[in-house]
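All remarks here apply to the structure that follows.
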Amino acid sequence: VNCFARAGNTEQRRKEIVLSVDELQMLRAIGDRTVPSRARTESARGVLLAAIAAEGRPRRWLASLLRLRRSQATAFAMAAALVVVAIGIANLDDRGRPPAQTDEARRLAALAVASLPPGRSFPPALADNRLTPAAGDRAEAVQVFAVCAWTNEWRDAAIVNDPSRLSAANHALATVRSWPIFQESTSDTTRRWIDRILAATTREDVSAVSREVEDGCAS
Amino acid sequence: MSSDAEIIAASTADSRAFEAIFDRHYATIYSYLARRGGVDLAEHLAAETFVVAFAGRRRYDSDRPDARPWLLGIATNLLRHHRRSEERRLRAYARLDQTDSSPSEADAADARVDASRAVPALVQGLAALPATDRDALLLLAWADLTYQEIAQALRVPIGTVRSRLHRARRRMRELLRASGQYRAETEGDRAVSG
């Protein structure tokens, strides 16, 4: 109170501030400062350490999808790459355009329609292989990567309460079910996972969205 | 001792360094969440707060040495999706046994006695506030953040914080006065129970 007097406030202002202080004191007196138990603290620490340990590590089914590609015989991969390059070189037109694709590759490429949030890009491992004839699994991986990116964008936007980012993410996620790749080749497991994401974003359940990201997305 | 900003910067190269942020601030975040949503929700959301912070650490503003406003901002945003829990918590406060506080309790006792008698009006006022105003008010009252820190936590200009707090506190006073728990008379007059 004295400091306000020194500041030369009016009587009314002083009275108002005195009342404000008391009102805040009364608010502060509601409820106690709860100190977390050791068990709760260690439980929470465990959650954080799990997140730290998981960072950068490919996760679960997306990881297994990528591992499956890596597990193909090296010789086969090299031979396939050589064939692709050879076909590509043979089919370069006089304007130096990319190698012609097989019908299947073109079809798969057409299915791989996925946009990303601003500032995000596909990892080279996905982008480079998207248009090759062996793009079947890759096309799905591209789509899943995009779902993860938009889901992360939704979660971040919800947490920082950014309406424009949230709107963009909602719009993108709303189209996921209509992406051709999911119409054609997505597994039931992936479909259920996406359904859970969409349900969680619809009810604005950040916790649930976070869990689905943890479960289904590489970091 | 390293600042929070230095630790967070270090954690971009060595992710385990982020555990020090947990050690410094977990109790604060938990306490704030428990007061607003109860201990069960606090246990869940406090852990999630640090996971979200860890995931977003590369975007942390290194000009802010104290991470507390940042963490409380994340916690507040997570809490927004659990309004029902907070409302239940407020109702629980309103049901508090008003005889729990006695004049013999030390120092904070005066405010506590007044508050215990005014709890229904306070709770009614809190519940009726717009969420953004309530967040600002409770970051001030229960997390002891400054106006500037509240602005950082909620990612709004400080002028917006001032207007939200002004509006919230005025509304609380109106309700307290209407309930007879608050009386303004002369200079130095303090809140009295009705």
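Taken together, the values in this text are just the output of simple stated rules run on the coordinates, not laboratory data. In this text the structure is predicted, and so the values were computed from the model without any measurement. Cβ sites come from the backbone with ideal geometry, for glycine too, and all protein chains shown count toward neighbours.
For this structure, a couple of remarks:
- Counting Cβ atoms of other protein chains within 10 Å of each Cβ in A:153-165 and taking the mean gives 3.
- Modelled spin-label separation between A:ARG192 and B:ARG170, with each label point placed 7 Å from Cα along the Cα-to-Cβ direction: 5.5 nm.
- Extension gain, B:ASP144 to B:MET1: 0.36 nm times the residue separation minus the Cα-Cα distance gives 49.2 nm.
- Extension gain, A:ALA50 back to A:ALA199 (0.36 nm per residue minus Cα-Cα distance, nm): 51.1 nm
- Inter-chain shielding of B:48-56 (mean C-beta neighbours from other protein chains, 10 Å cut-off): 6
- With R₀ set to 22 Å, the beta-carbon distance separating B:ARG162 from B:ARG83 gives a calculated FRET efficiency near 0.35.
- The calculated FRET efficiency for A:ARG38 paired with B:ARG155, based on their beta-carbon distance and R0 = 51 Å, is about 0.95.
- Projecting label points 7 angstrom from Cα along Cα→Cβ for A:SER121 and A:SER207 puts them 3.8 nm apart.
- Note that region B:62-78 has calculated 3J(HN,Hα) couplings of 5, 6, 10, x, 9, 7, 4, x, 4, 5, 5, x, 4, 4, 5, 5, 5 Hz, one per residue in order, obtained from phi through the Karplus relation 6.51 cos²θ - 1.76 cosθ + 1.60 (θ = phi - 60°); glycine and proline are x.
- Counting Lys and Arg as +1 and Asp and Glu as -1 over every other residue whose Cβ lies under 15 Å from the Cβ of B:ILE8, the net charge comes to -2.
- Spin-label proximity, B:ASP63 to region B:126-156 - amide N less than 17 Å from point 7 Å beyond Cα toward beta carbon: B:148-156
- Partner chain coverage, peptide B:167-179 - average Cβ within 10 angstrom: 2
- Spatial separation of Cα centroids for region B:1-43 and region B:141-176, in angstrom: 23 Å
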